[in-house]
Amino acid sequence: MRIGVSQINPVLGDFEFNADKILKEVHRARERRCDLVVFPESAIFGYHPFDLLERPELVARQEKAFAKLHRSLPKDIGVVLGLIVRNPAKKGRPFFNAAAVIEKGRKPIIFHKQLLPTGDVFDEARFIETGDLSKNVFRFRGKKFFLTICEDIWAWPDGKGRSDYRENPLAKVKEKKVDFIINLSASPFYPGKDKVRRQLVRQTAKHLNAPMLYCNLVGAQD
């Protein structure tokens, strides 16, 4: 299986521009004979939305851009991308930070982020409801994928045994015979962070005994 990684630089809130950029990258991946192409966390909305999520009409515009993108996909290639989706329940935060697996002519498969960062430049828990990481499994072209979104892999303890989370949801995942692990991220850079990322990816890959694909958003926020 040939998988493309498209680490794009979305513009915050410019849904049409971001969707067009994604579509161009999908065609580029297809020309390179990719079976699947993966995009970053919140690729259509941009990251982080912050107060923009106080305006549900913006999420509706993002949904419209997503639907148009889905209809416009070429055949014979799968796409994994990040977006914001509504929480249909009457209780809890209004949205999920989600990932969609889409193909031409097929209903999207939606997965939700479980661990929500609240420190540093983040404030996800203000608007985002917690998902269930254990459900984030899908099959594509005969292969089994386990999907994570950014912070979902950040609960592993560091070399000193320290973690920001009391429980690590990944440690409880006992999926067998996973072929690939995917992580969609919009993780900001600081000096030395690449070393931290490698360690988190290494621990996740070791736990599920599978190779891992990491796709991070690049560039500026807006």
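Any read-out appearing in this document is the output of simple, stated calculations on the displayed coordinates, not a laboratory observation. Bear in mind that the values here come from a model prediction, so they are computed numbers and not experimental data. Note that each Cβ is placed from the backbone with ideal geometry, even for glycine, and that neighbours are counted across all protein chains shown.
Report, by chain and number, residues whose modeled amide H sits under 5 Å from the one on LEU213, excluding near sequence neighbours (fewer than 5 apart, same chain).
The answer is ILE181, ILE182, ASN183.
Please list, in chain and number order, the residues 5+ apart from ILE8 or on another chain whose amide H is under 5 Å from its amide H, with Hs placed from the backbone.
Here VAL218 satisfy the definition.
Taking the DSSP beta bridges in the stretch 53-202 as the whole, what percent of them are antiparallel, to the nearest 5?
Taking every DSSP beta bridge within the stretch 53-202, about 75 percent pair in antiparallel fashion.
Please figure out what share of the DSSP beta bridges in the stretch 32-101 is antiparallel and state it in percent, rounded to the nearest 5.
If I count the DSSP bridges inside the stretch 32-101, around 70 percent turn out antiparallel.
Once the mean 1/r over all distinct Cα pairs of the chain is inverted, what Kirkwood radius in angstroms do you read off?
After inverting the mean inverse Cα-Cα distance, the result is 17.6 Å.
Rounded to the nearest 500, what is the chain's calculated 222 nm mean residue ellipticity when only DSSP H runs of at least 4 contribute -39500 (n - 2.57) each, over all residues?
-7500 deg cm²/dmol
Sum up the charges of everything whose Cβ sits under 15 Å from the Cβ of ILE182, counting Lys and Arg as +1 and Asp and Glu as -1, but leave ILE182 out. Don't jump to the answer; show the numbers that get you there.
Details: positive: ARG2, LYS113, LYS135, ARG139, ARG141, LYS143, LYS144, ARG197; negative: ASP35, GLU41, GLU151, ASP152, GLU175, ASP179.
So the surrounding residues net to +2.
Where Lys and Arg each count +1 and Asp and Glu each count -1, what net charge lies around GLY82 among other residues with Cβ under 9 Å from its Cβ?
Working: positive: LYS113; negative: GLU41.
Local charge sum for GLY82: 0.
Projecting each Cα onto the charge dipole of the chain (Lys/Arg +1, Asp/Glu -1 at the beta carbon, about the Cα centre), which of ALA29, GLN199, PHE140 comes out farthest on the positive side?
PHE140
Over 5 Å intervals from 0, what percent of Cα-Cα pairs in the stretch 108-174 sits in each interval?
Going from the shortest bin to the longest, the percentages are 3, 15, 23, 23, 17, 10, 5, 2, 0.
Over 22 Å between Cα atoms: which of LYS104/LYS143; LYS135/LYS195; LYS143/LYS206; LYS24/LYS177 fall into that group?
LYS135/LYS195; LYS24/LYS177
Could you give me the ³J(HN,Hα) list for the stretch 111-118, computed from phi with Karplus coefficients 6.51, -1.76, 1.60 and θ = phi - 60°, whole Hz, x at Gly and Pro?
10, 10, 6, 9, 7, 10, x, 10
Calculate the radius of gyration of the Cα atoms of the stretch 1-123 to one decimal place, then report Dmax, the largest Cα-Cα distance, as a whole number, both in Å.
Cα only, the stretch 1-123: 14.4, 45 Å (Rg, Dmax).
Can you tell me the convex hull volume per residue for the stretch 95-222, based on C-alpha atoms, in Å³ to the nearest whole number?
Residue-normalised Cα hull volume stands at 134 Å³.
Quick one: which residues, 5 or more positions from TYR47 or on another chain, have an amide H under 5 Å from its amide H? H modelled 1.01 Å from N in the peptide plane, none for Pro or chain starts.
Correct list: empty.
Would you calculate the separation in nanometres between label points at VAL121 and SER163, each defined as 7 Å from the Cα along the Cα-to-beta-carbon direction?
2.6
Take the alpha carbon atoms of the stretch 1-64, find their center, do the same for the stretch 186-201, and report the distance between the two centers in whole angstrom.
Between the Cα centre of the stretch 1-64 and that of the stretch 186-201, the gap is 22 Å.
Counting C-alpha atoms alone, how compact is the stretch 65-170: give Rg to one decimal and Dmax as a whole number, in angstrom.
15.7, 49
What's the magnitude of the charge dipole for the chain around its Cα centre, counting Lys and Arg as +1 and Asp and Glu as -1 at the beta-carbon? Answer in Debye, nearest 20.
Computed charge dipole of the chain: roughly 1120 debye.
Sort the following peptides by mean Cβ neighbour count (other Cβ atoms within 10 Å, averaged over residues), highest first: 160-172, 20-32, 124-136. Please report the intermediate quantities before stating the final value.
Working: 160-172: 11.8, 20-32: 16.5, 124-136: 18.2.
With the highest mean Cβ count within 10 Å placed first, the list reads 124-136, 20-32, 160-172.
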